[in-house]
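**Student:** Handing you this structure, nothing more for now.
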Amino acid sequence: MRDTRESRLLLVLLIVIAFALITVDIRGGKESPVDGARQAAAAVFGPVENGVAAAVDPIGNAIGAVRDSGERHTRIAALEKENAELKARLGSDDRNRNRIRELDAMLKTAGAGQYGIKGAQVIAIGAAQGFSWTVTIDVGARDGIARDMTVLNGSGLVGRVTTVGPSTSTVLLANDPDFTVGTRMEKSDELGFATGQGDRPLLVQLLNGKAKVKAGDRLVTFGSRADKPFVPGVPVGEVVRVDPAGGGLTRNIYVRPYVGFTKLDIVGVVVQAPRSDPRDMVLPQKPKPAPTVTVTVTATPPGNAQPQTAGEQPLGQDGDPQAKPDLQAPKPDPRAPKPDPRNQKPPQPQPNQQPPGNQQAPQDQQPPQDQEDATP
């Protein structure tokens, strides 16, 4: 269409008509004169619009998804990173709480025994060093650690230092077969030597073959000369089995160690021995036995009878007191023959018999004389 004067006039006219219709529609409100035309146009062109939208919307959504895919991937990656950080934070919090508990228990043990300790952390296990039960800790010669020092934790004896490097040390655990430590029984002071048996209880050989030992007895370290490799008083374990005494010079018992050698984390190296033997002061307190509940069962008499108290008469079926049984002698039979009074004799007193009322009879009282025979 060429741009002519007529076309311009037509365009201006259409614009003026459109503004006029808009003005009339706005001023008319709900009663607008063009409302009928609007409804007719909606009825005609509405289905056409829906069909066109149904055909075009999937294409538009696909184009939008391609355009927004980069942003979505970035958001998903950010959420995954945040989730991983939260999980790591929660895991580190649990681990830190566990370490705090272990450190607190170790400090209490060291305080009870007056041990000067150097805290350390287990950083490697014995699999990297051979087949022995050993661990590597993160302290060494620079931290004042020397060979043959006692290693403990909050539960008791862990082992002894065997190799020392500049910043690390190797600890031989108490359950290693090559590990031996002198022990002392609680209270009885029976001495012995404990040897590791791997994941089985420690084997303790008592020097007294007639020593009285029972399951549940506890042992501590006896101590070494100059406190190396072992300081005295460190808890070792609890007796779980006792071999029968065979009449030998020694006696074998089996002890469950207090320390869990498969879950070591925070340990302490004793760098200063106590001034005196703490004896049994470092042992944990024994749990108090639970109180025994005693139940008293009272047997119910036959017939649902209630127990009587002193001075109370039994009740009958109707609630009245039951009458006492008649203890009088039965009445004589009138048909029986009467006894002959001539053949009766007065009663004779019994020896050591006292009259009623707990009164003693006078000693000058004479027994009654024989009465004459009465005539009927």
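None of the figures in this text is laboratory data; all of them are computed from the coordinates on show. Remember, predicted model here, so these are calculated numbers, not experimental data. Reconstructed Cβ throughout: ideal geometry from the backbone, glycine too, with neighbour counts over all protein chains shown.
**Student:** Per residue of region 226-236, what does 6.51 cos²θ - 1.76 cosθ + 1.60 with θ = phi - 60° give for ³J(HN,Hα)? Whole Hz please, x for Gly and Pro, Karplus curve as stated.
**Tutor:** Couplings: 6, 6, 9, x, 10, 8, x, x, 7, x, 9 Hz.
**Student:** Pull up all non-local amide H partners of residue 197: gap of 5 or more, or a different chain, and H-to-H distance under 5 Å with H placed in the peptide plane.
**Tutor:** Amide H neighbours of residue 197, under 5 Å, 5+ apart: 203.
**Student:** By its C-alpha gyration tensor, with a ≥ b ≥ c as the square roots of the eigenvalues, how is region 167-275 shaped: rounded for a/c under 1.5, else prolate for a/b larger than b/c, else oblate? If you can, show how the numbers build up before the last one.
**Tutor:** Working: a/c = 2.11, a/b = 1.54, b/c = 1.37.
Taking the square roots of the gyration eigenvalues as a ≥ b ≥ c, region 167-275 is prolate.
**Student:** Could you order peptides 239-247, 176-184 by the average number of other Cβ atoms within 10 Å of their residues, highest first?
**Tutor:** 176-184, 239-247
**Student:** Give me the distance in nm between label points sitting 7 Å out from Cα along the Cα-to-Cβ direction at residue 26 and residue 297, one decimal.
**Tutor:** If labels sit at residue 26 and residue 297, their model points lie 10.0 nm apart.
**Student:** Test of the criteria: in region 85-174, which chymotrypsin sites (Phe, Trp or Tyr not before Pro) are in a DSSP loop and have at most 11 other Cβ atoms within 10 angstrom of their Cβ?
**Tutor:** 131
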